[in-house]
Amino acid sequence: MSFASNDSATKQSAGIAITAEEIAEQGITASEDVARYALYLGDDALMLGQRLSHWISRAPELEEDIALGNIALDLVGHARFFLTYAGTAWGKTEDDLAYFRDEEEFRSCRLVEQENGDFGQTIARQLIFSYYQHELYSKLVESQDETLAAIAAKALKEVQYHQDHAAQWLLRLGIGTEESHRRIQEGLYYMWPYIDDLFHDDDVTAALPGIAVQPSSLRENFDRRIAEIISEATLELPQVDQAWGGDRSGEFSEARGHILAEMQVLARQFPGATW
Amino acid sequence: MNAPQADHLKAVSDAALGEDEQAAQNYFDQLISEDSRVEPRDWMPEGYRKTLTRQVSQHAHSEIIGMQPEANWITRAPSLKRKAILMAKVQDEAGHGLYLYSAAETLGTPRDVLNQQLLDGKAKYSSIFNYPARTWADIGAIGWLVDGAAICNQVPLCRASYGPYGRAMVRICKEESFHQRQGWEILYELSHGTPEQKQMAQDAVNRFYGPALQMFGPPDEDSPNSKQSMAWNIKRFSNDELRQRFVDMMVPQAEALGLTLPDPDLKWNEERGHYDYGKLDWNEFKSVISGHGPCNVQRMQRRRAAHSEGAWVREAAAEYARKMEAHNAELIGA
Ligand SMILES: [Fe+2]
Ligand SMILES: [Fe+2]
């Protein structure tokens, strides 16, 4: 008997019933191109889920241990779907891809690899990423690839909650006290230089018209919506140049190696073992 | 009003109050003797209120501190499925803490006061969480043994005389049995894996078994408060009865896992119909519960750090709520 992650009574996000195991058992094989694209989506979710999970037992209040844990759990769930699907192209499992790829083989963006920092920095990252992901999955549900569309449909409901969570905290921190205003503003400045990474079209997305969402197509809505919530929170929209590099196929942050060293350590001590 | 008259009135009101109190006590005694539930609005003896507040808040603190050893493995869980299950579990524990703080609050002590008692080191929590979770197998052992012991302890508490506590326990017990099952699965996979994995599982069970037995509290002869708790229908079975039940339950489960329990004196006693088990090290227990376990300092430090580093966030949320309320009041006024 297996325990799906939604057995948790504290889990709040509702979703369509779909599991990584079901994707694996469907017998659908992703094309090489689709698999490369699925890695983009899966690796982003995995890295951010890994980062956020560190908050569990360290959050400012118990309700946030639960809320951040929920979001982390959703993201790891999304990663499992995408990596399982990607793996069908190469005869690999989600765990082969998560635990036995090296740094340079991951395809996550730099934003999700950034340090948690204080709660303000984490919320700044959550805001940017959940707003981006919301635009992304809202379009991916129309993908001609049925598996990608089904994963997006499930994930979208959850990401709506992530987005609300980030927006609510942005308002509380922006409007709350002088200190919270300063900290969340600093957090936004810290994360802002990595936004462009999210919206680059490249050969992977270009090879999949009608299947992949072209990241550049999400930019306009994202810019408008994020500017609205930042202004509502009485914060300023950071005016900073974007950081160089950040191509998903090569450049990545210094943090990635540390994240993977921690995440992969046990699995790599026992290659081939089952858990 | 002259003095004698005032005295007279006071005497009358004292008598009335005394009568009311006697009636309330009688009603309370009746609820207990009928094995009915006491609810927050009911009168209850001070001792009952105090005992429950202590027990329920200690239980809440245990859920919260108990998140730490398991959170220690979330980022290193060896498969994504195990990672997701473990995250959900630790989240459940936070939820248990919340239900229990709510139940404790109905007895009249606010959550922030209870939390402060924990941070000040004035409140206890289950000593088992002061042991380190060093290996992945420890996550299995904690689920199987610690959640297992929690279930043995808590199933009878579902019938505790205090309504909010009993009802919180019903919710919690459902989830604890998932947790125990998950711990069992982890150990099962390990004990059926490579020899190194099996050794990891055995080592974890060796370390957690004794402390898990101590979760039921001191032997009956050293547990003076148990009698009163049983008379109040808070506790239904003595510490030693529960411990025996747990041992009887775990022996066949350990056999099914292919692991041994670290007790040379463990053997079936035909006459008693129970397993006999060896003496536990109660000096160790006393030492750990009073602050000298391997991880007491770290557990408290983590909780205090989370609390103090989160202070600005909680203040911001409170201030934001105040501002919004003022803003809404203005809108309604306008
Ligand atoms: Fe629990
Ligand atoms: Fe539990």
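List of remarks:
- Relative contact order (%) - chain B, alpha-carbon pairs under 8 angstrom, separation at least six: 17
- Rounded to the nearest 10 square angstrom, B:CYS173 shows an accessible area of 20 square angstrom against a 1.4 Å probe.
- Here the calculated FRET efficiency for B:ALA256 and B:ARG171, from their Cβ-Cβ distance with R0 = 25 Å, stands at 0.30, rounded to the nearest 0.05.
- Set of the stretch B:156-183 residues, backbone N closer than 19 Å to the point 7 Å along the Cα-Cβ line of B:LYS124: B:157
- Ordering A:LEU39, A:LEU171, A:ALA149 by the projection of their Cα atoms onto the charge dipole of chain A, which places +1 on the Cβ of Lys and Arg and -1 on the Cβ of Asp and Glu, puts A:LEU171 at the extreme positive end.
- Modelled this way, with points 7 Å down the Cα-to-C-beta line, the labels at B:LYS279 and B:HIS327 are 6.8 nm from one another.
- Estimated FRET transfer efficiency (A:VAL265, B:THR194; beta-carbon r; R0 22 Å; 0.05): 0.85
- Highest-MSF residue in chain B out of B:MET249, B:MET324, B:MET200 [GNM, Cα springs under 10 Å]: B:MET324
- Label-point separation in nm, A:ASP96 to B:ASP222, each point 7 Å along Cα→Cβ: 5.5
- Note on the protein assembly as shown: along the principal axes its Cα atoms extend 92, 76, 39 Å, ordered by decreasing extent.
- Of the listed residues A:ASP203, A:ASP196, B:ASP263, the order by accessible area with a 1.4 Å probe, largest first, is A:ASP203, A:ASP196, B:ASP263.
- Summed over both chains, the accessible area lost when A and B associate is about 4900 Å², using a 1.4 Å probe.
- Listed by chain and number, the aspartates and glutamates placed with their C-alpha closer than 18 angstrom to that of B:LYS235 are B:ASP29, B:GLU34, B:ASP35, B:GLU39, B:GLU46, B:ASP220, B:GLU221, B:ASP222; residues fewer than eight positions away on the same chain are left out.
- Highest-MSF residue in chain A out of A:ARG101, A:ARG248, A:ARG110 [GNM, Cα springs under 10 Å]: A:ARG101
- Among the listed pairs B:LYS83/B:LYS124; B:LYS198/B:LYS267; B:LYS122/B:LYS286; B:LYS227/B:LYS286; B:LYS174/B:LYS227; B:LYS122/B:LYS227, those beyond 18 Å (Cα-Cα): B:LYS83/B:LYS124; B:LYS198/B:LYS267; B:LYS227/B:LYS286; B:LYS174/B:LYS227; B:LYS122/B:LYS227
- Backbone N within the stretch B:209-240 under 13 Å of label point (7 Å from B:ASP265 Cα along the Cβ vector): B:219
- Measuring nothing but protein heavy atoms, the accessible surface of the protein assembly as shown at 1.4 Å probe radius is 51 percent carbon and sulfur.
- Based on protein heavy atoms only, the protein assembly as shown ends up with 43 Å² per residue of surface accessible to a 1.4 Å probe.
- Relative contact order for the stretch A:28-265, counting Cα pairs under 8 Å that sit 6 or more residues apart, in percent: 24
- The A:THR274 and B:GLN22 beta-carbon pair, evaluated with R₀ = 45 Å, returns a calculated FRET efficiency of approximately 0.10.
- Extension gain from A:HIS258 to A:GLU236, taking 0.36 nm per residue of separation minus the Cα-Cα distance: 4.7 nm
- With all protein chains modelled, accessible area of B:TYR99 [1.4 Å, Å²]: 40
The values are calculated or read from the model by the stated rules, or taken from the named source; none is laboratory data. A quick note: this is a predicted structure, and the numbers were derived from the prediction, not measured. Cβ atoms come from the backbone with ideal geometry, glycine included; neighbour counts cover every protein chain shown. Areas reflect the complete protein model, heavy atoms only, side chains present, ligands, DNA and RNA absent. Shrake-Rupley method; radii C 1.70, N 1.55, O 1.52, S 1.80 Å.
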